[in-house]
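The values are calculated or read from the model by the stated rules, or taken from the named source; none is laboratory data. Since we're looking at a predicted model, the values are computed, not measured. Cβ atoms come from the backbone with ideal geometry, glycine included; neighbour counts cover every protein chain shown.
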Amino acid sequence: MIGFLRGKVHHFDLDYVLLDVNNVGYRINFYHPEMLKRGEEVIIYTYENVREDEQSLYGFLSIEEYDLFVKLISVKGLGPKIASGILASSNVDAVIEAIESEDVAFIRGMPGVGAKTAGQIILDLKGKLVSAPETPQSNAKMNDVAEALATLGYKPGEIKPVIKELSKEDLSTDEYLKRALAMLIK
């Protein structure tokens with residue numbers, strides 16, 4: 001399986017990019033043409049979809065987007081085209097937040113997603129997309145603060161930037177928690 005390709009953007013359209021990798025052109029299904037410039041060298045993370053009648057590549061500029069795509073296509077009844085459409089119409093954090101908060105209306109608003117599919121996405125993926133905020137492993141205080149904030153009902157998307165900002169300082173756990181709450185209340 002091809003994990004990623006590094007090359008120059010030869011051509012792109014609304015739903016694909018032709019990537020020149022050492023004079024070999026790869027056609028990659030890609031749904032963010034506004035992020036590309038002709039002649040620019042890029043790394044595109046790829047998912048290779050092999051079926052009986054087709055072999056295709058789906059491309060992503062970030063590993064987070066790639067990871068969410070792989071999880072989305074694991075949902076019963078959801079193929080790569082619909083998963084790509086979901087990622088094309090929103091960003092990774094918004095999709096994860098919608099799944100975690102069971103926002104069926106938001107998910108149904110995605111291209112190709114009906115009520116049944118939206119419910120299946122939530123059923124299959126809720127709780128599997130959120131990981132603990134990235135913190136230095138040596139800093140147990142920051143882990144405690146992240147857990148406390150999650151217990152208070154803050155979402156991982158809110159916690160992560162605060163933890164990242166606070167990890168630059170050396171404080172006690174109580175001081176970290178007070179600072180974090182002050183930042184979140186703003």
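The residue that is surrounded by the fewest Cβ atoms within 10 Å (Cβ to Cβ), among those in the range 4-52 that are of a type in the set (S, T, N, Q) and touching a strand residue (DSSP E or B) at 6+ places or on another chain (Cβ under 8 Å), is N22.
In the range 39-64, the residues that are not assigned by TED's automatic domain parsing to the domain that holds L87 form Cβ pairs under 8 Å with partners that are loosely packed, with under 11 Cβ neighbours inside 10 Å and polar (S, T, N, Q), at six or more places apart or across chains, as follows: E48/Q55; N49/Q55. Taking the options L171, L123, L78, name whichever one is assigned to a loop (DSSP other than H, G, I, E, B) and surrounded by fewer than 17 Cβ atoms within 10 Å (Cβ to Cβ). Just a single option satisfies the conditions, and that option is L171.
For the range 83-112, the candidate set comprises residues that are touching a Gly at 6+ places or on another chain (Cβ under 8 Å) and part of a loop (DSSP other than H, G, I, E, B); within that set, the residue that is surrounded by the fewest Cβ atoms within 10 Å (Cβ to Cβ) is P111.
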